[in-house]
């Protein structure tokens, strides 16, 4: 009797408790360390209040087998995948309860190339919140959604489908040439970009150069990561953007490349632990607090969309209350992040390394006037590498002649001006026709001005440097350059002129006779008016990589490889350009676009070649208006991944300006 | 000390503050339930206010359950084995509420605090309303 009463009274109490107390109180934090999971279990059995079940409308993923239904753990198999409007064979990997789906290159699933399916619980809603906040504050992120997975006809339950971050994701959302550093190392990515990524990571990790991390995106990641209890190793990826030489974080799980060193992830994990990042996260959290009303509304919408997925045999009111509690706690963590607890604290030597005191070269000291080295009209012999310290500009006056000994160079860490005229040009020539000198190299800060007129230059090659190689006899990094009425010939390195980051404007210039190329434009803008590019031995005229260029009235003549080569999502706008006697007059690959108006193609092996360079990359595209093709072996070659659009009449301004060319 | 042993001991000592609280909670429950079991008995029939072997066994089990709480099946087997042990102890004639204490310890060890509270209430009411056992 005592036992019956002892059992009966508490059971009645439990029915009363769980059927009467409001759900928002039931889902709130309980005293005495009672966990939400335990309360949920009691609610399931003792909550007897009447309730309306919601209609369950959850995205369904179907995995069917090819042959016997193989479900062995760890095995990677090809299976049939079906979702609304999509049916393909996909590669399925297993890790515990999780499924990893990799979609074919040519048939991504809603633009996604790889998706991880994890068993979902009510806490999975935090992943959806995190992405909603990331989206609101402009942080790149992989998608996430709740799905019901069916495997070989069996309901596997509710899963969280998270898009994985890999190079193809970066190709889609990043700027031209952006790479996940490890994939660039391990695949056939650009070795120069991978090297630049490693260099930037070294500067960030060793010298604490925080300008090499996209601070705003990292702050958003940090606040969201702290709220969702993510770690950079788990839900963080950072790709390298060669245009600004910095890492950009993204929210999502990263596909791990075996045997690779992920410098982006290392840089991100380090940055997240620095006081600089914590300060920015605090500022970002303050901004989010000011936007709290909108954030609450957006997350409530996420709850409204997700609630029915979690219902199962639980009451909808209870699910809503649980989601409400999760939302409340997520927002609290979002508005009051604790970065030290979340990401640790790195000891960073914030005192910048003092620049070594460089004694000014005697050659420079002779011509130093204030903060400018003015090299006057005269013959000057340069027989070694002369480095001009930062803060000092260089001016070559009209009639100045630099005779460059083999291996010599002039490295300028500031502005460079050459003031030649038609009658009194600036000459830069080799002392020995048999030995190449290195180069005139300018390291800028992004908008460092360089103005060159009346230059006649020949015989240089390239300069290797720890800060990044200069791959031309006249080379600029991060500069705003204009070159007018100049002639550059006989380069003995990879190219005659190279610009990496920044802008280059050339007018009425003549370039010819190199060993490889004449002009490299890498992640920069270029404008060329009435310039002539003549091969005379050079294989390629102009190489553009991740560049936006415009050519007006330019000639490309006699290149055995390509007259104009566009790679890595470059865009070129050509008006009244002339291509004659080239192997391929114009090549556009890997997402590059070209707009042609009034151009002529004469006597080339191939006029325009549009293709992709490797699987996974997009092809090229061309929009052509009133061009003439005569006596070419083949006017155009367009592969299945490329597009060719032919317009009538002159090219409307709206076409090129829509692509940022005007 | 081997790496495995160190890890094993570390898992026991992790969260030692919580363990101290659980120790005193279990002690309180044991004292209350023992008092309930001994009440209405003549002084000569009463057992000790706290059965030390029972309490030590229960607390040891709690620590084991805390260690195995990711592996429910292992813990269930342990709990069942010790419950049987508790029954045997009770057969030996002690009046201490061995079975209830063992189950309480297992639930606390698993972190099922609400269930432990309910069990305590059930045991409390049952012992409160039960007639004193006849001396054999």
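Each reported figure results from applying straightforward, stated rules to the coordinates on display, with no laboratory input. Since this is a predicted model, take the numbers as computed values, not measurements. Cβ placement follows ideal geometry from the backbone for every residue including glycine, while neighbour counts extend to all protein chains displayed.
Placing pseudo-labels 7 Å out from each Cα toward the beta carbon at residue A:5 and residue A:365 gives an inter-label distance of 10.7 nm.
Using the Cα gyration tensor of the protein assembly as shown, with a ≥ b ≥ c the square roots of its eigenvalues, what is the shape: rounded (a/c below 1.5), prolate (a/b larger than b/c) or oblate (neither)?
On the way: a/c = 3.46, a/b = 2.34, b/c = 1.48.
Since a/c reaches 1.5 and a/b is larger than b/c, the shape of the protein assembly as shown is classed as prolate.
For segment A:539-654, the gyration tensor built on C-alpha atoms gives a rounded shape. Its axis ratio a/c (a ≥ b ≥ c) stays under 1.5. For segment A:409-488, the relative contact order works out to 35 percent when only alpha carbon pairs closer than 8 Å and six or more residues apart are counted. Using C-alpha pairs under 8 Å with a sequence gap of at least 6, the mean separation divided by the residue count of chain A gives a relative contact order of 6 percent. Taking segment A:269-283 and a reference point 7 angstrom along Cα→Cβ of residue A:338, the backbone N atoms nearer than 16 Å belong to A:282.
What's the ranking of A:581-587, B:37-43, A:173-179 by average number of surrounding C-beta atoms within 10 Å, highest first? Display every interim value, and only then the final one.
On the way: A:581-587: 25.0, B:37-43: 13.1, A:173-179: 21.0.
Packing order, densest peptide first, comes out as A:581-587, A:173-179, B:37-43.
Shielding of peptide A:24-35 by partners, expressed as the average count of other chain Cβ atoms within 10 Å per residue Cβ, is 2. Angle of helix A:316-335 to the longest C-alpha principal axis of chain A, folded into 0 to 90 degrees and rounded to 10: 40°. Computed from Cα atoms, the angle from the helix A:125-136 axis to the main principal axis of chain A rounds to 30 degrees.
Can you tell me, using C-alpha contacts under 8 Å and at least 6 residues apart, the relative contact order of segment A:539-654 as a whole percent?
It rounds to 20 percent for segment A:539-654.
Name the shape class, rounded, prolate or oblate, that the alpha-carbon gyration tensor gives for segment A:586-651, where a ≥ b ≥ c are the square roots of its eigenvalues, rounded holds for a/c under 1.5, and otherwise prolate holds if a/b is larger than b/c and oblate otherwise. Oblate shape, in that a/c is at least 1.5 and b/c is the bigger or equal ratio. Take each residue of peptide B:106-112, count the partner chain Cβ atoms within 10 Å of its Cβ, and average: the result is 2.
Taking R0 as 41 Å, what FRET efficiency do you get between residue B:28 and residue A:24 from their Cβ-Cβ distance, rounded to the nearest 0.05?
On the way: r = 32 Å, r/R0 = 0.78.
In this case the efficiency is close to 0.80.
Rounded to the nearest 10 degrees, the inclination of helix A:191-207 to the longest alpha-carbon principal axis of chain A is 70 degrees. Annotation: extensible slack from residue A:298 through residue A:49 equals 86.6 nm (criterion: 0.36 nm per residue apart, minus Cα-Cα distance). Projected label points at residue A:640 and residue A:41, each 7 Å from Cα along the beta carbon direction, are separated by 5.6 nanometres.
Legend: mean number of C-beta atoms from other chains within 10 angstrom of residue C-beta atoms, peptide A:7-15, equals 3.
A crude spin-label estimate for the pair residue A:97 and residue A:552, with each label 7 Å from Cα along the Cβ direction, gives 6.5 nm. Sorted on the mean count of surrounding Cβ atoms within 10 Å across their residues, most packed first, peptides A:600-606, A:206-212, A:540-546, A:270-276 read A:540-546, A:270-276, A:600-606, A:206-212.
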